[in-house]
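To start, the structure under review is shown below, and the notes come after it.
The values are calculated or read from the model by the stated rules, or taken from the named source; none is laboratory data. Just so we're clear, the structure is a prediction, and the values are computed from it rather than from any experiment. Using ideal geometry, Cβ is built from the backbone for each residue, glycine included, and neighbour counts are taken over all protein chains shown.
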Amino acid sequence: MSLRGTCAVAAYSLAGGLFRYTAEEPLSQFWWSLTCMRIGCTFVFERVLAAFPVVRLLITGGLLLEAYTHNVRGRVPTDRVTKGLALVTGSTAGIGFQTCILLCERGVDVLVPARSVEQALRTAQLINEASKGPGKARPCTVPLDLASRESVKKFAESITDINLLVLNAGVMMPRYHCTSDGAELTIAANHLGHFQLATALAPRLKGDARVVVVSSALHRKAARMRDISQKLLDFRGAAQTHKLFNAYAVSKLQNVLFAHAFASRNPQIACVACHPGFVYTSVTRHLPSYIRVAHLLAVPFWVLFQKTPRQGAHCSLHCCLSPSFSAAVLRGEARFVADCRVEREGLPPQPRELAEMLWRRSEAYVRGEL
């Protein structure tokens, strides 16, 4: 008797799990239970409906779609509609752009920062065309370069009261670059610029105030590194030891530790770090050309295992609007959220002490003392 449907569902489900595992996403007991149930159902249907090949094909297709929904698309975020004003960094493309659209669709007005005022204006128009309200996107009138202390300072001074701050922007740099302020570019853009912006805007976060830090499951990779405490506090790095994914993973662990330290200092503001999933975005734009070409040629593969930017924005949206993540509920404690569900983050030993040391050193950087 043919069990091609069972084999197809099992292969795709387990391949998706392997893909998630290699991307540092833990496979929970719930994941294993649902996967085994899906494979078992396919096997039973194939046995019972052996004489009805068309019905078997339809059932197999439906369970493959369910596997895609489970492994790739993820949970549907809250459908709560509200009001407020949000600032989303990295809103000109990818997850940030889609986060702005989703927030506008749910009634939240969005401030759109960019490296130039013209780019901010153009992006805000695109967001408004895509979302069609009721929230509106507004371009910021001061440029923002997260890798520059002076730029972040001037930008923060131009912002008045807001309700949501989504620290979404991120870069991956294959080669070592040191900014004019003396920090490696990945760390400067992914952590230090966001640290400076969030601490400057904290007094201006009002109402149901929240800070959402877009991190990554790759922070777990950094937590297992040798001498991670030194790597976390070494903002300059060195060209000889720079590695693309290591620098990115360290910056994402810095994001998680920052969320904990910020929450403890600002209990009136909810602070959540989130993992959007493995998303097909333009973050690879700085990678070598041969990697970008290979990434483009592998689009059919990514369709099977990667989220779209809109799907990747679901987790950020959920953290922004779900009542489960209000300051009254969290009470000065940060959370790590993946797939619209709270997960246990992977942290190195003595995380509270490391978070405090990282906070103090980041403050020194902002003051220009490093």
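Filtering ARG122, ARG80, ARG106 for residues that are outside the structural domain of LYS206 (by TED's automatic domain parsing) and either surrounded by fewer than 23 Cβ atoms within 10 Å (Cβ to Cβ) or among the aliphatic types (A, V, I, L, M) (or both) leaves a single hit, ARG80. Quick one: would you say LEU103 is in contact with a Pro (Cβ under 9 Å, 6 or more places away or on another chain) and either farther than 22 Å from GLU363 by Cα or among the hydrophobic types (A, V, I, L, M, F, W, C) (or both)? So LEU103 does not fit the description; no.
Here's the yes/no breakdown for (1) surrounded by fewer than 20 Cβ atoms within 10 Å (Cβ to Cβ); (2) modelled with pLDDT under 90; (3) outside any helix (DSSP H, G or I):
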position	(1), (2), (3)
TYR290	yes, yes, no
PHE301	yes, yes, no
ALA313	no, no, no
CYS319	no, no, no
ALA328	yes, no, no
GLY332	yes, no, yes
GLU356	yes, no, no
ARG360	yes, no, no
TYR365	no, no, no
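Does ALA86 count as assigned to a loop (DSSP other than H, G, I, E, B), modelled with pLDDT of 95 or more and crowded, with 19+ Cβ neighbours inside 10 Å? So ALA86 does not fit the description; no.
Consider ARG220 carefully, then state whether it is in contact with an Asp or Glu (Cβ under 8 Å, 6 or more places away or on another chain), under 23 Å from ILE95 (Cα atoms), not in a strand (DSSP E or B) and not aromatic (Phe, Trp, Tyr).
For ARG220, the condition - in contact with an Asp or Glu (Cβ under 8 Å, 6 or more places away or on another chain), under 23 Å from ILE95 (Cα atoms), not in a strand (DSSP E or B) and not aromatic (Phe, Trp, Tyr) - is met.
Among the residues that make up region 272-284, is at least one of them surrounded by fewer than 24 Cβ atoms within 10 Å (Cβ to Cβ) and modelled with pLDDT of 90 or more? No, region 272-284 has no match at all.
Looking only at residues that are of a type in the set (Ser, Thr, Tyr) and surrounded by fewer than 24 Cβ atoms within 10 Å (Cβ to Cβ) in region 191-236, which one is farthest from SER316 (Cα to Cα)?
The qualifying residue farthest from SER316 (Cα to Cα) is SER229.
When region 153-188 is filtered for residues that are buried (at least 24 other Cβ atoms within 10 Å of the Cβ), in a helix (DSSP H, G or I) and touching a helix residue (DSSP H, G or I) at 6+ places or on another chain (Cβ under 8 Å), the ones remaining, listed by number, are PHE155, THR186, ILE187. Is it the case that some residue within region 125-146 is under 25 Å from LYS307 (Cα atoms), in the same structural domain as VAL329 (by TED's automatic domain parsing), buried (at least 23 other Cβ atoms within 10 Å of the Cβ) and not small (Gly, Ala, Ser)? Yes; the residues of region 125-146 include at least one that is under 25 Å from LYS307 (Cα atoms), in the same structural domain as VAL329 (by TED's automatic domain parsing), buried (at least 23 other Cβ atoms within 10 Å of the Cβ) and not small (Gly, Ala, Ser).
Considering region 334-354, the residues that are among the acidic types (Asp, Glu) and buried (at least 16 other Cβ atoms within 10 Å of the Cβ) include one that is modelled with the lowest pLDDT, namely ASP339.
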